[in-house]
2 protein chains.
Amino acid sequence: MAAVQSTTTTAPQRILMGPGPSDVDSRVLAALSAPIVGHLDPYFLGVMDEMQSMLREVFRTKNELTLAVSGTGSAGMETCVVNLIEPGDRMVVGVNGVFGTRMADVAARAGAEVTTIERPFGEVFDADEIAEVVARVKPKVVGLIHAETSTGALQPIEEISRVVHDAGALLLLDTVTSLGGVPVEIDAWNVDAVYSGTQKCLSCPPGLAPVSFSAAALEVMDARKTKVASWYLDMSMVRNYWGGKRAYHHTAPINMNYALHEALRLVLEEGLENRFDRHRQNHLALCAGLEALGIQYAVPADHRLPQLNAVVIPAGVDDAAVRKQLLGEFGIEIGGGLGPMAGKTWRIGLMGAASSNRNVLLLLAALERCLTDQGISITPGAGVAAANGVYGAA
Amino acid sequence: MAAVQSTTTTAPQRILMGPGPSDVDSRVLAALSAPIVGHLDPYFLGVMDEMQSMLREVFRTKNELTLAVSGTGSAGMETCVVNLIEPGDRMVVGVNGVFGTRMADVAARAGAEVTTIERPFGEVFDADEIAEVVARVKPKVVGLIHAETSTGALQPIEEISRVVHDAGALLLLDTVTSLGGVPVEIDAWNVDAVYSGTQKCLSCPPGLAPVSFSAAALEVMDARKTKVASWYLDMSMVRNYWGGKRAYHHTAPINMNYALHEALRLVLEEGLENRFDRHRQNHLALCAGLEALGIQYAVPADHRLPQLNAVVIPAGVDDAAVRKQLLGEFGIEIGGGLGPMAGKTWRIGLMGAASSNRNVLLLLAALERCLTDQGISITPGAGVAAANGVYGAA
């Protein structure tokens, strides 16, 4: 066979305003390419310790078992499910988007008797309906999506956590898109198992999945009668590498861990509250700008995710053509709709480093250009003016 | 909680001569920190296409289903096992080291009825004993480790593959440590499922697992009656992202894929045969040097891995002290023994970029220093002289 002639050696400089990955700070990219060391090197063990400590701050938890799984966010989901569930266990999953659907699938593969509770895409669950289902099913675990990346909806957790625990169940929470962008309070909300991803509001490339388990979850895991179905994701072994024994399990993705370490430092240097404020402020500016362009949100205002703006594609506009033009002419990526929302919504991310006033203004300006090309009538500069109005008032 | 004061911001420059990760070329580190793009960006889809093509060359296969799993080598192992095995299927696993033991564990968790065939650590299997066990067990899959990273032994495959297929079974092969260092002939050897890692002889940081499946394996996978236990590793979905449909499954680790893409370009630029020659030559020089220092190999000469030299720690030498001195004074990492070999062997890697004459000479010089400090009597310069003799004769 002839050697492959590779020509694509230079990645283009995108502005990532889709549902993730998001833009990455140059400090994180620099950390990613730092010299590699062994997975038992004293230097790397120090990086791991600091990372666990920073992850606990970001998750707002004191949970001992807090670490980064060596896979992307979906591997984090699978980690939480397969470590808590044994074949025949009952699990309730809230399905109001693609990721709830995914969690139900993962749980069924792990041998759970899955009961789904459903809401139309874009809506969220209330405590009463969760109380009803847990009273009826008596599940071991209830799994919910905090920030549904497919719909842009933010699920309130605090009250639901009470009804879940009152029924004697554990609460498993997906914070892939929420962590670092909106408040995530693992201890205050009494969440038993949580996972996230690196490539959303933490602004690190994809490849790792932060997870954390409560003492109650650990008790359940320690009392398992069967082995965890996945060797790779079995926390009873992985924790001996991240914990005191430093027992080799698998070779950790060294450089990816460097990157997450640096990304977490950036998050904590900014401060979580400042970071949430920034996400909210840019969301409000974008929102005003989009409305001025005649674009409506797909999610009611009271549970919109500031970091993921799901909006309805205006009638008569060619979804793919607009996204292609944004990428081709401006280097801007926004996301299309996922699952039943395909062709109906755009998903505009303002996550982590990508949540900036310059990205908001540029996107509104570029979108005006694309929509005008699509024959939509727009008052010139209306989107940018509305967003600037919000920034000016802040 | 107070912000973490992080002080470890600069990774030390190691020379990685352990069992992996190995040294990484600066071109690969540069690719790792290239600008991130979306996982459906036309640029990234091009990177994926080229990567599949290069992986096929390196595996020496025409297998359509050839891609990089979003996890480390052990995730590759789990991917191959869980996609081929359904609960109740019989699987034979050859156990002559830690990774055979691991494969048997992974298979049992997937619901396989596992039969292990065992050899002492450091030995390899012959075709007759495999023929006997497959005739008796009639397994669906036979799993073997091509290059046992825990023992340094190279398992011949060609004849065994014939007896496995004569018995109607599929052959699953671990090439984590072999790929890119010694010949791996997936099509010529008729291997049905193979996985590897990036951090050994491909000299890329850990984080991805190249895999490939034969047409016969695909038939078995397509005929499954049950879902794959792992959602994350389910090839029936992952292949729709790497293949023509480009259906979103999980967010690929973008920058890690850049890195593997560049690492594969380096492998093919050098040429596989040249690369194997280089690994062999440096192994022979190291071997001569170690013997001059009075250090014996743990594996008979006829099935030693050139890229992973497992040697017996001389009597009276403090294992941990020597490895600590090598790391602390010279920045050189070598590996300790794994499993039952702990404290008995060192594992000296000459993998990928780390397989160089300068690393061989430096290690021999540094080892002379450490062993002398341990009270071992060595003719000054004997190791270096013996290695240089091999290089001079080449």
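The values are calculated or read from the model by the stated rules, or taken from the named source; none is laboratory data. Note that the structure is predicted; figures quoted are calculated from it, not measured. A quick note on method: Cβ atoms are made from the backbone with ideal geometry, for glycine too, and the neighbour counts reach across all protein chains shown. Heads up: the accessible areas ignore ligands, DNA and RNA and are worked out on the full protein's heavy atoms, side chains in. Shrake-Rupley method; radii C 1.70, N 1.55, O 1.52, S 1.80 Å.
See the values below:
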item	result
Given (1) over 16 Å from B:Glu185 (Cα atoms); (2) within 18 Å of the chain's Cα centre (by Cα); (3) assigned to a helix (DSSP H, G or I), number of the condition B:Arg275 does not satisfy	(1)
Subset of the stretch B:341-367 [open to solvent by 40 Å² or more (accessible area, probe 1.4 Å) and over 19 Å from the mean Cα position of the chain (by Cα)]	B:Ala342, B:Gly343, B:Lys344, B:Asn357, B:Arg358, B:Leu361, B:Leu362, B:Ala365
Segments classed as strands (runs of 3 or more DSSP E), wholly inside the stretch B:62-154, with at least 1 members that are modelled with pLDDT of 95 or more and open to solvent by 30 Å² or more (accessible area, probe 1.4 Å)	B:90-95, B:113-118
Pairs with Cβ under 7 Å, 6+ apart, first in the stretch B:85-101 and of a type in the set (Ser, Thr, Tyr), second open to solvent by 10 Å² or more (accessible area, probe 1.4 Å)	B:Thr101/B:Val95
Selected residue (criterion: least open to solvent (accessible area, probe 1.4 Å)) from residues of the stretch A:194-235 that are free of Cβ contacts under 8 Å to residues at least 40 places away in the same chain and more than 9 Å from chain B (Cβ to nearest Cβ)	A:Ala223
Qualifying helices (runs of 4 or more DSSP H) (wholly inside the stretch B:310-394; at least 1 residues being touching a strand residue (DSSP E or B) at 6+ places or on another chain (Cβ under 8 Å))	B:319-330, B:357-373
Check on B:Glu269, at pLDDT 95 or above, surrounded by fewer than 16 Cβ atoms within 10 Å (Cβ to Cβ), of a type outside the set (A, V, I, L, M) and in a helix (DSSP H, G or I)	yes
Residues located in the stretch B:24-33, provided they are assigned to a helix (DSSP H, G or I), touching a helix residue (DSSP H, G or I) at 6+ places or on another chain (Cβ under 7 Å) and at the interface with chain A (Cβ under 7 Å from one of its Cβ atoms)	B:Leu32
Filter result (over 11 Å from A:Pro210 (Cα atoms), facing chain B (nearest Cβ under 7 Å) and hydroxyl-bearing (Ser, Thr, Tyr)) within the stretch A:34-73	A:Tyr43, A:Ser53
Near pairs, Cβ below 9 angstrom, 6+ apart or cross-chain, from the stretch B:342-358 (without any contact (Cβ under 8 Å) to a residue 12 or more places away in the chain) to any residue that is open to solvent by 20 Å² or more (accessible area, probe 1.4 Å) and not in a loop (DSSP other than H, G, I, E, B)	B:Ala342/B:Asp319
Residue list for the stretch A:239-261, filter: open to solvent by 10 Å² or more (accessible area, probe 1.4 Å) and more than 8 Å from chain B (Cβ to nearest Cβ)	A:Arg239, A:Asn240, A:Trp242, A:Gly243, A:Gly244, A:Lys245, A:Arg246, A:Ala247
